[in-house]
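Step one of this worksheet: look at the structure below.
Bear in mind that the values in this text are calculations on the coordinates, not laboratory data. Quantities reported herein were computed from a predicted structural model and do not represent experimental measurements. Neighbour counts are summed over all protein chains in view; Cβ atoms, including those assigned to glycine, are modelled from backbone coordinates with ideal geometry.
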């Protein structure tokens, strides 16, 4: 039993990488993930990814912001310390709109950002999880879980046939920790 | 991207304007003509000619705005070098080609309304600038250097001519591109579009001040120009989206897919919010400052005969698109988007109604044969002229440099 955890196929061309994905899928080899230096159209559908749930988080944070703004203004200007401003009623709804809008946006934006960081394990002091550093530069990388997919030689041949310029057998998952 | 360039789209496909579309648009025009005749000759109400003129101005302005929005959309796509819209660019081009005719109609309506004193009588009245005359109005007399009949008409002719010339030049470049190919025409239209957008941006507010805001010449708002621009762009976008969807339903334009429709949906969603933003900015400042010369505008629209419509305007033009089009799926469902766009087109009729009616027929507001008939008539006129232009050229700009990229558009 080898210690190889992940097999990484490096491609120089996105079309060849897409072709490689097809080849692997035809041979029932499960793909762990694909890393590319730029977004590639249609790759999510090909890999069968579910749609991101980030918009739901954004909506929840936005609603929280709206309620925070309304209750805050209501407490300050209507309940706790009503003031006569230009003869307007204390509960002057048009006045509340800009602040409510701003807090909605603020909560949604920051909430979305922190949700994204949390989901991707990105926060200050945390070493980023990168399986192959060249995938952030000039290579298109397909990662295959070697523990669940037997026959590493067959996988290597398939990747090479599809046009992989380099196939790596990594014994650890994230190189960026080294 | 190398491998998937084979497609089966027929870029020389041409729209065939016949059958039901032609019959119904001609019937709509006849309804419009009948409604105008009814409004001028048969309507028993005392304000009948003023009411008919107000409706003609409303629809004439709406019609011109939708066509101008087509030219604006076209120029915007060229200046931003957008690829996604390359496949559907013939539709705003067809709008732009109708702009000269729409401009002439608007000019005739404005001039006839002005000289028959059915429109713009707040500032165009015998002796209104003469001290001692019974009609003398000090506020208007101060504005007479700008608001006088000759200068008003000169401005209107000047703006509409410029817009029409640019609209025709831009479509001409695209048609020539079809014949000769290459990038020369695209590069030229890029420059022309940039010049057009600058001119359009600075002159549309003045156009709106003249045609609509001067109906109530004592009131003024600097937001009004942008408010009208937002209404113009959103109604133009809705008209483009409706046309694209109906053409697709009729089996045309196989190269336009859900991704392009989704982008149009995003545009409609975003500019509905933009319209609300501008509308509310104008409202909030006037409400907060509470100065009588400004609040009079909303005071009139808060009277019982307009109050319901005032609220309905916000519901249709803001709440409906925001709530219905918020999710990604809704923007990709063609029928939902079509329904929202048609609702918004009606909503912006109501928006213009609320801009025009309180300054013309005031409390004698009515909603009946004249309003509905003239609306239908202009919808028919627009459809007829636009589809006639659309049928003249292939539905795809086959030598557009970004057409290939547009086919692969994916969001």
Kindly rank A:39-49, B:100-110 from highest to lowest mean number of other beta carbons found within 10 Å of each residue. B:100-110, A:39-49
Principal-axis tilt of helix A:14-26 within chain A, Cα atoms, nearest 10 degrees: 70 degrees
Expressed in whole Å with the largest first, what are the equivalent ellipsoid semi-axes of region B:204-350 derived from the C-alpha gyration tensor as the square root of 5 times each eigenvalue? 33, 15, 13
Each label sits 7 Å from Cα toward the beta-carbon; between residue B:18 and residue B:148 the label points are separated, in nm, by 5.6 nm
R0 of 30 Å, Cβ-Cβ distance residue B:82-residue A:137: FRET efficiency to nearest 0.05: 0.55
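Stretch residue B:288-residue B:369 to full length: gain in nm at 0.36 nm per residue minus the Cα-Cα span? Display every interim value, and only then the final one.
Details: separation 81, 0.36 × 81 = 29.16 nm, distance 3.85 nm.
Net length gain for the segment: 25.3 nm.
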For region B:79-172, what class follows from the C-alpha gyration tensor (a ≥ b ≥ c being the square roots of its eigenvalues): rounded when a/c is under 1.5, otherwise prolate if a/b is larger than b/c, else oblate? prolate
Residue mean of other protein chain beta carbons inside 10 Å, A:38-45: 2
Taking only Cα atoms, what is the 0 to 90° angle, nearest 10, from helix B:19-37's long axis to the longest principal axis of chain B? 10 degrees
Nearest 0.05, what FRET efficiency do residue A:50 and residue B:310 give at R0 = 60 Å with Cβ-Cβ as r? 0.85
Where the centroid of each part is defined by its Cα atoms, how far is region B:367-411 from region B:5-57 in Å? 14 Å
Region B:278-306 versus region A:1-33: alpha-carbon centroid distance in Å: 64 Å
Normalising by the residue count of region A:54-119, find the relative contact order in percent from Cα pairs under 8 Å and 6+ residues apart. 56 percent
Chain B: relative contact order in percent, alpha carbon pairs under 8 Å with at least 6 residues between: 35 percent
Among B:46-59, B:247-260, B:123-136, A:120-133, how do they line up by average Cβ neighbours within 10 Å per residue, starting with the highest? B:46-59, B:247-260, B:123-136, A:120-133
Have a look at region B:21-397 and give its Rg and Dmax from the Cα atoms, expressed in angstrom. 20.9, 69
Could you give the distance between the Cα centres of region A:127-178 and region B:75-131, to the whole Å? 61 Å
How are the C-alpha pair distances of the protein assembly as shown spread across 10 Å bins, as whole percents from the shortest bin up? 3, 14, 21, 21, 18, 12, 7, 4, 1, 0, 0
Relative contact order for chain A: what percent, with Cα pairs under 8 Å and sequence separation of 6 or more? 52 percent
Can you tell me the equivalent ellipsoid semi-axes for chain A? Use √(5λ) from the Cα gyration tensor, largest first, whole Å. 53, 16, 13
Test of understanding: in a Gaussian network model of chain B with alpha carbons linked when under 10 Å, which of B:373, B:181, B:60 would top the mean-square fluctuation ranking? B:181
Classify region B:180-278: rounded, prolate or oblate, from the alpha-carbon gyration tensor (a ≥ b ≥ c, eigenvalue square roots; a/c under 1.5 rounded; otherwise prolate if a/b is larger than b/c)? oblate
Shielding by partners - mean other protein chain Cβ count within 10 Å, residues of A:88-99: 2
Expressed as an acute angle from 0 to 90° and rounded to the nearest 10, what is the orientation of the C-alpha long axis of helix A:152-162 relative to the principal long axis of chain A? 80 degrees
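If you average 1/r over every pair of different alpha-carbon atoms in region A:29-102 and take one over that average, what Kirkwood value in Å do you get? Could the numbers behind the result be given before it?
Details: mean 1/r = 0.0605 Å⁻¹.
Radius from the Kirkwood sum: 16.5 Å.
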